[in-house]
Amino acid sequence: MTDNFFLDQQVIQFFYEKMNSGVIFINAQGNIQYINRQCEKITNVKLEEALGQKYSDVFAHLPADEWYTLITLETGKEFKNIQHIHNGMYLVTDTSLLKNGNKIIGAVGIIKDVSEIRNMEKKLEKTEREKEKLAIISQMAAGMAHEIKNPLTAVRGFAQLLKHKYCDNDTLAKYAKIIMDEVDQATRVITDFLQLARPKEPELMKQSIHSLIEEIIAIVEPRASYENIVVKYKTQKDLPDCTFDRNQIKQVLLNLCKNATEAMPEGGVLTIKTGYLQGKNEIYIDILDTGCGIPHKCMENLGVPFYTTKANGTGLGLSISYSIIHAHRGRIEVYSKEGVGTRFHVCLPCESS
Ligand code: ADP
Ligand code: MG
């Protein structure tokens, strides 16, 4: 083997240039002999500028203890799986001493960009953490609901009693009514908690989505028109029946319509649009609003329990909706533009699997 065997043009073309990792060669004097294209990309150093230059000069911008390839040459210590961050990239570096017989002829560094894998790992870790959080919430909610719901029922009962007993006292009746309303709100929050914590299996039935949407509109419209919101319904003709739990999907659509309405405090248009995706055998229901929209940086928080931007929000509506749709093997996509509006695109498979 000759000293420049590693840098044979054919070896370079057939091997290093095709590698997914960055490769850097230095000779026994610490001068750069070769870097491949991938290495150029990672280090932002061009081969023609670096060729023949001192490694320590080319990488002067890095801390000297990160000159792994040079350290290998100077100390004979080889590195395996050194993890470091450079320009926001997660890199893993290996180095080896190059020898021809007993003679040291240089060193080689192999740098792999593992950012994609790292980001995927981080996402998985995040999902795991969310799952753990949910499990804790579920335990807490179950215990809490039991403890709180009973005294609340008693409070509401006595408030109602007072209201009836002193029905000629307007002030007292008014206060009693406030107590009852507030207790009802608290009960709603607890019920939402419980539903998220212990989701019910959907009771699937083949049925028309159209009749459900008419029911939803009947509920949503009075409040919407009071808030200067026009409700529109666009449906595709001959929409096939779909398999779903009526109460659960009703809850999802009411949640989405409520959010849409709340996003349009100055009024606007709430459109419900349905259609059939033949290729996927799915029904879709779009809830569109012309409201404030969702800032890009907030999109990833949608569906995270307790995430809310509203003073009186519980931040549970979307979490529950996502978990219901997930249990139906469907999906929810969100498209939004700040100041323009938002579209929640709900897809449900027509057949249960
Ligand atoms: P809540 O309505 O109690 O805040 P949700 O889970 O229903 O909880 O919604 C979470 C957050 O998502 C809201 O606080 C809001 O910031 C955002 N959001 C949801 N739907 C819309 C929408 N149609 N337009 C703008 N923002 C929305
Ligand atoms: Mg909501």
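The values are calculated or read from the model by the stated rules, or taken from the named source; none is laboratory data. Because the structure is predicted, anything quoted here is derived from the model rather than measured. Backbone-built Cβ (ideal geometry, glycine too); neighbour counts: all protein chains shown.
The set of residues from the stretch 244-269 being more than 14 Å from ligand 2 (Cβ to nearest atom) and under 14 Å from I219 (Cβ atoms) comprises R246, N247, I249, K250. L253 meets the conditions (1) touching a helix residue (DSSP H, G or I) at 6+ places or on another chain (Cβ under 9 Å); (2) exposed (fewer than 14 other Cβ atoms within 10 Å of the Cβ); (3) within 28 Å of K149 (Cβ to Cβ) in every case but one. The failed one is (2). Among the conditions (1) closer than 26 Å to K206 by Cα; (2) within 15 Å of ligand 1 (Cβ to nearest atom), P265 misses just one, which is (1). L239 meets the conditions (1) under 17 Å from Y284 (Cβ atoms); (2) part of a helix (DSSP H, G or I); (3) away from ligand 1 (no atom under 15 Å from the Cβ) in every case but one. The failed one is (2).
Candidates I12, I35: the one that is at pLDDT below 95, of a type in the set (A, V, I, L, M) and buried (at least 18 other Cβ atoms within 10 Å of the Cβ) is I35.
In this entry, E78 passes the filter for residues that are in contact with a Leu (Cβ under 8 Å, 6 or more places away or on another chain) and acidic (D, E). Across the stretch 129-164, the qualifying residues are those that are basic (K, R) and surrounded by 13 or more Cβ atoms within 10 Å (Cβ to Cβ), and the one among them that is nearest to A197 (Cα to Cα) is K133. Flag not set for V92, criterion: closer than 21 Å to N44 by Cα, in a strand (DSSP E or B), over 24 Å from the mean Cα position of the chain (by Cα) and in contact (Cβ under 8 Å) with a residue 40 or more places away in the chain. Screening E182, E147, E214 for residues that are under 30 Å from G341 (Cα atoms), charged (D, E, K, R) and assigned to a helix (DSSP H, G or I) leaves exactly one candidate, E214.
Candidates P349, P295: the one that is in contact with a Cys (Cβ under 9 Å, 6 or more places away or on another chain) and more than 16 Å from ligand 2 (Cβ to nearest atom) is P349. Of all residue pairs spaced 6 or more apart or on separate chains, those with beta-carbon atoms under 6 Å, a first member in the stretch 261-289 that is among the charged types (D, E, K, R) and a second member that is within 9 Å of ligand 1 (Cβ to nearest atom) are D286/R343; D289/A260; D289/A263; D289/M264; D289/G341; D289/T342. Go through the stretch 305-321 and give me each residue that's at pLDDT 90 or above, under 18 Å from P199 (Cβ atoms) and either away from ligand 2 (no atom under 12 Å from the Cβ) or of a type in the set (S, T, N, Q) (or both). Hits for the stretch 305-321 are S319, S321.
Looking across the stretch 234-255, the residues that are more than 17 Å from S321 (Cα to Cα) and in contact (Cβ under 8 Å) with a residue 40 or more places away in the chain come down to K234, T235, Q236, L239, P240, D241, C242. Which residues, taken from the stretch 277-291, are modelled with pLDDT of 95 or more, assigned to a loop (DSSP other than H, G, I, E, B) and more than 16 Å from ligand 2 (Cβ to nearest atom)? Residue satisfying the conditions is T290 alone.
The set of residues from the stretch 93-121 being at positive phi and surrounded by 21 or more Cβ atoms within 10 Å (Cβ to Cβ) comprises just one member, G106.
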